[in-house]
Amino acid sequence: NQEPRDYYVVASTRFTRREVTATGIIRYKNGKGAASSELPPPPVGWAWSLNQFRTFRWNLTSNAARPNPQGSYKYGSINITRTIKLANTAQRVDGKLRYALNGASYVEPTTPLKLAEYYGVADKVFKYDTIPDEPPSDNTRVTLAPIVLNMTHRNFVEIIFENHETAIQSYHLSGYSFFAVGMDIGKWSPEKRMNYNLLDAVSRHTIQVFPNSWSAILLTFDNCGMWNLRSEIWDRHYLGQQLYASVISPNRSLKDEYNLPEGVLTCGIVQGMPRPP
């Protein structure tokens, strides 16, 4: 609704002590006048970003195809079969800093998770569902273990990320797009679902969680494999704030998941084992 002229496009850092700004110019055809010499100040605080998140919606009146991640664009009418609430914590274990989800900090096993599962020796490498679907009441204790959630194929799952810390969090889920349906300050509770966007939420694969706040996503776990859910803050990722979601084809069908490549390298306890049929 503005007259055609030059306008600045501004990108600036957020949630950092040092402010860094980059600018570009949009130049409209037949525009009259240069861009303003003064840049507006960047938004202060994260409440502005929280409100901005609520404005991101799909335009369902356009002629373009609807977003359809995992065949579930009518996600608001699908029954939730499992709710998983993940709370992040930071503690020292044996004098070393570790980051955790629901009281567990991820460590890599000597045999890769998918190889152990494929060769049928998963029970010798890790245990499924070692963390509860709800954060423990005592979140000051942290255990070290491979964390693998056993997800039922094609189940429609609600995941809530709850951040009790004063720093912003960011999570990425490999192998999937999900619907970012809710985000607010405080702690999540079931009645918060009344404020979910169940119509035109944007499909994403990364979600932010503001300080002392929560974010909620919905998705169908129909992509078979072993998928990483991790913090996108790399020191947290490296020091244990991640887990894996295992989705197994109930029929062990090639329609759901390919075999491992013939030339795949093996290691750990599966090295030298005969290849599974």
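The values are calculated or read from the model by the stated rules, or taken from the named source; none is laboratory data. It should be emphasised that the depicted structure is a prediction, and the values quoted were computed from it without experimental measurement. Positions of Cβ are generated from backbone atoms using ideal geometry, with glycine treated the same way; all protein chains shown enter the neighbour counts. Keep in mind that these areas ignore ligands, DNA and RNA; they rest on the heavy atoms of the full protein, side chains included. Shrake-Rupley method; radii C 1.70, N 1.55, O 1.52, S 1.80 Å.
For the reader, a short list of remarks on this structure follows.
- Accessible-area ranking of ILE78, ILE25, ILE207, largest first, probe 1.4 Å: ILE25, ILE78, ILE207
- ARG275-TYR238 FRET efficiency (beta carbon distance; Förster radius 35 Å; 0.05 resolution): 0.60
- Where ASP6, ASP129 fall by accessible area, highest first, once all protein chains stay in place (1.4 Å): ASP129, ASP6
- With all protein chains modelled, accessible area of TRP48 [1.4 Å, Å²]: 130
- Estimated inter-spin distance, SER62 and ASN251, nm [label 7 Å along Cα→Cβ]: 3.6
- Normalised by 2.2 N^0.38 Å, where N is the number of residues, the alpha-carbon radius of gyration of region 1-42 equals 1.39.
- Packing around the peptides 247-260, 85-98, taken as the average count of other Cβ atoms within 10 Å per residue, puts them in this order, highest first: 85-98, 247-260.
- Inter-label distance for GLU108 and ARG5, nm, one decimal - labels placed 7 Å from Cα along Cα-to-Cβ: 5.6
- Computed on region 154-194, the Cα convex hull volume stands at 98 Å³ per residue.
- A viscosity of 1.567 mPa s and a temperature of 4 °C, combined with the Kirkwood radius over Cα pairs in Stokes-Einstein, give a translational diffusion coefficient for region 145-268 of 81 µm²/s.
- Measuring against 26 Å, Cα to Cα, the residue pairs LYS124/LYS187; LYS74/LYS192; LYS74/LYS127; LYS127/LYS192 contain LYS124/LYS187; LYS74/LYS127; LYS127/LYS192 as the ones spanning a longer distance.
- Ordering HIS172, HIS205 by accessible surface, largest first, gives HIS205, HIS172; the 1.4 Å probe counts only protein heavy atoms, with every chain in place.
- Theoretical ellipticity at 222 nm over the chain - DSSP helices of four or more residues, -39500 (n - 2.57) apiece, nearest 500: -2000 deg cm²/dmol
- Dipole moment magnitude, nearest 20 debye, the chain about Cα centre, only Lys, Arg, Asp, Glu C-beta charged: 440
- Take every pair of alpha-carbon atoms less than 8 Å apart whose residues are at least six positions apart; their mean separation over the length of the chain yields a relative contact order of 20 percent.
- Selection of GluC sites (Glu not before Pro), region 137-167, meeting DSSP coil and at most 16 other Cβ within 10 Å: GLU165
- Cα gyration tensor category, rounded, prolate or oblate, for region 31-184 with a/c compared to 1.5: oblate
- Accessible surface of the chain, 1.4 Å probe, proportion on carbon and sulfur as whole %: 53
- For the Cα trace of the chain, dividing Rg by the Kirkwood Rh returns an Rg/Rh value of 1.04.
- Note on GLU117: accessible area approximately 30 square angstrom, rounded to 10, probe 1.4 Å, nucleic acids and ligands left out.
- With protein chains left intact and a 1.4 Å probe, residues in the chain average 59 Å² of accessible area per residue.
- Virtual spin-label span in nm between LYS96 and TYR128, 7 Å along Cα→Cβ: 3.0
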